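Okay, structure first, notes after.
The values are calculated or read from the model by the stated rules, or taken from the named source; none is laboratory data. It should be emphasised that the depicted structure is a prediction, and the values quoted were computed from it without experimental measurement. Every residue, glycine as well, gets a Cβ built from its backbone with ideal geometry; the counts of neighbours run over all protein chains shown.
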Amino acid sequence: MISEQESTSRRLIDFAGLEWNDACLSFHETERTVRTLSRWQVRQPLYSSSVKRWKKYEEFLGPLIEGLGDMAELR
């Protein structure tokens, strides 16, 4: 998602059976009200500083990774 935002977003939207809207790429510019604790994050563009941060917890994620099978893409 981080390195290929547009192509990945297009595949997700297509999979969901929805029509593409260019606003999908500028989600962080929305003016709608956000009422969650993550409202600050919603207003940020995609960033890469958290990529692979999950590796710190890999030893605890074994059952989840196993359960996801081929869907767990570990790059």
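Does segment 59-72 include one or more residues that are modelled with pLDDT under 85 and surrounded by fewer than 10 Cβ atoms within 10 Å (Cβ to Cβ)? Yes, the conditions are met somewhere in segment 59-72. (1) on the phi > 0 side of the Ramachandran plot; (2) exposed (fewer than 10 other Cβ atoms within 10 Å of the Cβ); (3) not hydrophobic (A, V, I, L, M, F, W, C): which one isn't true of GLU31, the others all being true? So the condition that GLU31 fails would be (1).
Among the residues of segment 28-57, write down those that are over 17 Å from ILE2 (Cβ atoms), polar (S, T, N, Q) and part of a helix (DSSP H, G or I).
Going through segment 28-57, the residues over 17 Å from ILE2 (Cβ atoms) turn out to be 29-40, 43, 56-57.
From what is left, the residues that are polar (S, T, N, Q) are 30, 33, 36, 38.
The answer is none; no residue qualifies.
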